Amino acid sequence: MISTHRLIHSWMIAAWVTACLTIALFAQSTEAPRNDLPQPYRTTRNWGQLPPGVKWAAVTAVEPAPDGTIYVIHRCFANSCAGRREAPILKYDANGKLLASWGAGMFIFPHGATVDRDGNLWVTDARGENGKGHQVFKFSADGRVLMTLGKAGVSGSGPDLFDQPTDVVVSPSGDIFVTDSHRNGKNNRVVRFTKDGKYVREWGKKGSGRGELSEPHTIAMDSRGRLFVGDRENNRIQIFDQEGVFLDEWRQFGRPSGIYITRDDTIYVADSESGPDTGAHELPGIKKGIRIGSAKDGRVTAFIEDSESTAPDHSGAEGVGVDAQGNVYGAVVRRQMLERHVRK
């Protein structure tokens with residue numbers, strides 16, 4: 001028979017181990033982002049064939065699909081698709097050959113995107129004017145519109161309207177999660193819909209407390225179904241379950257503009273805005289680039305430094321995607337280019 005003393009001793013050891021692990025995880029999640037991590041990639045710029053007569057505009061999203069193709073979203077000409085004829089959605093093979101393009105005349109300010117498990121592409125439009133914008137579109141792999149969320153050109157709150165929706169992610173079961181409101185937007189929330197587009201719930205409001213948001217700019221999901229929301233103006237990632245329950249916050253990845261999580265739970269976070277504070281609460285002294293680590297424990301292991309990492313302008317990649325070979329793609333808005341980072 002085990003003595004009471006030995007049982008108490010075992011419980012004390014178990015409690016001590018649990019406390020140490022909790023402290024370690026808390027320390028990891030609250031530490032400042034680093035500029036001195038390894039950079040194990042070489043970079044090429046302006047990867048991908050463009051349609052005749054088209055130049056890269058502001059590139060906002062890169063989304064590899066299950067079949068190996070890659071979708072790139074750009075803003076037609078300079079930084080807007082308003083009144084433009086260029087197609088903002090470009091579909092490539094793994095070698096950068098252009099396979100298809102579509103979406104001309106549909107968007108004002110294409111922003112975030114995702115590809116679901118069935119290979120459908122989802123794209124948000126984060127501005128509105130002249131009866132277009134403030135919507136989320138679902139496309140088939142050949143460019144057919146399968147679903148729209150929101151009302152064209154109408155900004156608002158509630159279950160059927162958005163104000164500048166920034167990004168979207170789809171769960172394995174088909175539930176849809178949209179981050180809603182760009183800078184100075186009305187809503188600062190995450191909205192959940194069923195796979196059929198029916199409103200389920202929402203959470204978040206303007207603020208800096210737990211569960212509060214200020215410019216939720218990007219969203220991704222890990223293998224456990226947790227939602228990673230890039231709370232950009234608060235310089236943190238907030239982690240929620242699918243009911244909107246706050247789980248954790250991470251600051252070690254910098255100021256998140258884009259998040260991509262691979263099947264093995266490697267997380268890639270694009271920081272396009274850190275550096276001098278321009279009045280939007282940026283992180284002084286932190287370099288722009290893509291930080292790479294683990295979505296399981298928050299450890300950061302690598303950093304792809306941007307070519308203008310200390311420039312005052314918001315110059316780094318905003319969107320980030322990773323293909324099946326591990327190549328990392330950066331969607332660069334201000335410099336209007338697509339970057340491809342290959343392991344050395």
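One residue stands out among those in segment 290-302 that are over 10 Å from Ala270 (Cα atoms) and of a type outside the set (Val, Ile, Thr): the one that is surrounded by the most Cβ atoms within 10 Å (Cβ to Cβ), which is Ala295.
Does Ser315 satisfy the criteria of being among the hydroxyl-bearing types (Ser, Thr, Tyr) and either assigned to a strand (DSSP E or B) or buried (at least 19 other Cβ atoms within 10 Å of the Cβ) (or both)? Give the derivation first.
Details: among the hydroxyl-bearing types (Ser, Thr, Tyr): yes; either assigned to a strand (DSSP E or B) or buried (at least 19 other Cβ atoms within 10 Å of the Cβ) (or both): yes.
Answer is yes for this residue.
Taken over segment 40-65, the residue count meeting the criterion of being surrounded by 15 or more Cβ atoms within 10 Å (Cβ to Cβ) and either at pLDDT 95 or above or part of a strand (DSSP E or B) (or both) is 15.
In segment 260-282, which residues are outside any strand (DSSP E or B), closer than 16 Å to Asp36 by Cα and not small (Gly, Ala, Ser)?
From segment 260-282, those outside any strand (DSSP E or B) are 262-265, 272-282; that's our starting set.
Those still in the list that are closer than 16 Å to Asp36 by Cα too: 274-275.
Hits for segment 260-282: nothing passes.
One residue stands out in segment 66-86 among those that are touching a residue at least 60 places away in the same chain (Cβ under 8 Å) and surrounded by fewer than 19 Cβ atoms within 10 Å (Cβ to Cβ): the one that is nearest to Ile286 (Cα to Cα), namely Asn79.
Going through segment 179-228 one residue at a time, which ones are of a type in the set (Val, Ile, Thr), more than 18 Å from the chain's Cα centre (by Cα) and not in a loop (DSSP other than H, G, I, E, B)? Of everything in segment 179-228, just one residue is of a type in the set (Val, Ile, Thr), more than 18 Å from the chain's Cα centre (by Cα) and not in a loop (DSSP other than H, G, I, E, B), namely Val200.
Only a single criterion out of (1) assigned to a loop (DSSP other than H, G, I, E, B); (2) in contact (Cβ under 8 Å) with a residue 60 or more places away in the chain; (3) crowded, with 18+ Cβ neighbours inside 10 Å is not satisfied by Ala94, namely (3).
Of the numbered criteria (1) among the charged types (D, E, K, R); (2) surrounded by fewer than 24 Cβ atoms within 10 Å (Cβ to Cβ); (3) in a loop (DSSP other than H, G, I, E, B), the one Glu249 fails is (3). Checking Val123, Val154 one by one, the residue that is closer than 24 Å to Gly225 by Cβ, modelled with pLDDT of 95 or more and in contact with a strand residue (DSSP E or B) (Cβ under 8 Å, 6 or more places away or on another chain) is Val123 and no other.
From the list Phe107, Phe77, which one is in contact with a Cys (Cβ under 6 Å, 6 or more places away or on another chain) and within 21 Å of Arg127 (Cβ to Cβ)? First the steps, then the outcome.
Details: Phe77 fails: in contact with a Cys (Cβ under 6 Å, 6 or more places away or on another chain).
Result of the check over Phe107, Phe77: Phe107.
Within segment 318-344, how many residues turn out to be small (Gly, Ala, Ser) and assigned to a strand (DSSP E or B)? Walk me through it before giving the result.
First, pick out the residues of segment 318-344 that are small (Gly, Ala, Ser): 319, 321, 324, 326, 330-331.
Remaining after also requiring assigned to a strand (DSSP E or B): 319, 321, 330-331.
Of the residues in that region, 4 qualify.
The values are calculated or read from the model by the stated rules, or taken from the named source; none is laboratory data. Just so you know, these numbers come straight off a predicted model, no measurement behind them. Cβ: placed from backbone, ideal geometry, glycine included. Neighbour counts: every protein chain shown.
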